[in-house]
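Single-structure report; data block below.
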Amino acid sequence: MAAGVGTQAPIGIFDSGFGGLLVARAVTDLLPYEDIVYLGDTARCPYGDQPIAQVREYALECLDHLVAQGVKALVIACNAASAAVLRDARERYSVPVVEVISPAARRAAAATRNGRVGVICTEATATSQAYDDAFAAAPRIDLTTVACPSFVPFVEAGITGGPELLAAAEEYLAPLRGEGGVGRDGVDTLILGCTHYPLLTGVISMVLGDEVTLVSSADEGAKAVYVELTRRGLTHDEPRPSSHRFLTTGNPEAFERLGARLLNGLVTDVEQFV
């Protein structure tokens, strides 16, 4: 633990853009008395179609800034960034670092009934094979990974339904159904391997059917934060007012507009980080 950092310090949450706000919301639901500092690199997002080396550079710059704010833990809420910098971050910082890939993989491995698990994610996460690595110790799992590059632009445009999105979902999700269809030789469990994707659960369930269990990397990451801080004795156990700071490398007004929709008005007074 860094000198001077204890239970009173905030939790630092980093994402390439807006999707990590779903992680922030889940963290505040589980740990309502914790202060949060959130940094979204919206000026350089999406990370999903950028080279891993570039993602690593951007992510470490943002994580360095959060550590300089005196946080007691770092949450890498972006799947692409988790794949690019997790090992470096855990060596670089003296505070706990929580990511979203391993928790989602553990949940999916426990949930699957037929051993066939799917992952939908960005190109960068798919290329990194981070989920393949996460399932390496689970040889009974037959993993199918599908990149869905247009899903993030749909979400950030506020589009969660309609014929264009449905057509994209049907195309992307077709490999997960299998020749015999879902429930036969298709997947029975699907990891939403991008923190934007929980906002698309309606169309995803419509295409794959309710029999497919959806695992949110955002929700599982938040649970991992709860476990990590509780184990280390770093949580606020008594009711207290909590503060939430939001920083962006992009346009604060645009961030606040979308953030207000995702977090029901919790995102206010967004600060500019250059």
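Miscellaneous remarks
- Among the residues of segment 255-274, those that are in contact with a strand residue (DSSP E or B) (Cβ under 9 Å, 6 or more places away or on another chain) and over 15 Å from residue 19 (Cβ atoms) comprise 256, 266, 268, 269, 270, 271, 272, 273.
- Checking each residue in segment 200-221 for being over 12 Å from residue 22 (Cα atoms) and of a type in the set (Asp, Glu) picks out 210, 211.
- If you go through segment 26-40 and keep only what is within 16 Å of residue 69 (Cα to Cα) and assigned to a loop (DSSP other than H, G, I, E, B), you end up with 34, 35.
Conditions tested, residue by residue: (1) surrounded by fewer than 15 Cβ atoms within 10 Å (Cβ to Cβ); (2) of a type in the set (D, E, K, R); (3) modelled with pLDDT of 95 or more.
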| site | (1), (2), (3) |
| --- | --- |
| 147 | no, no, yes |
| 154 | no, no, no |
| 158 | yes, no, no |
| 178 | no, no, no |
| 181 | yes, no, no |
| 202 | yes, no, yes |
| 229 | no, no, yes |
| 240 | yes, yes, no |
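- Of the criteria (1) within 22 Å of residue 55 (Cα to Cα); (2) out of contact with any helix residue (DSSP H, G or I) (no Cβ under 6 Å at 6 or more places or on another chain); (3) touching a residue at least 24 places away in the same chain (Cβ under 8 Å); (4) outside the structural domain of residue 46 (by TED's automatic domain parsing), which one residue 94 fails: (4)
- The C-beta contact set for segment 196-223 (first residue within 17 Å of residue 27 (Cβ to Cβ), second residue surrounded by fewer than 21 Cβ atoms within 10 Å (Cβ to Cβ) and among the charged types (D, E, K, R), distance under 7 angstrom, 6+ apart or interchain) comprises 220/107.
The values are calculated or read from the model by the stated rules, or taken from the named source; none is laboratory data. None of the values given here were measured: they were computed from a predicted structure. Reconstructed Cβ throughout: ideal geometry from the backbone, glycine too, with neighbour counts over all protein chains shown.
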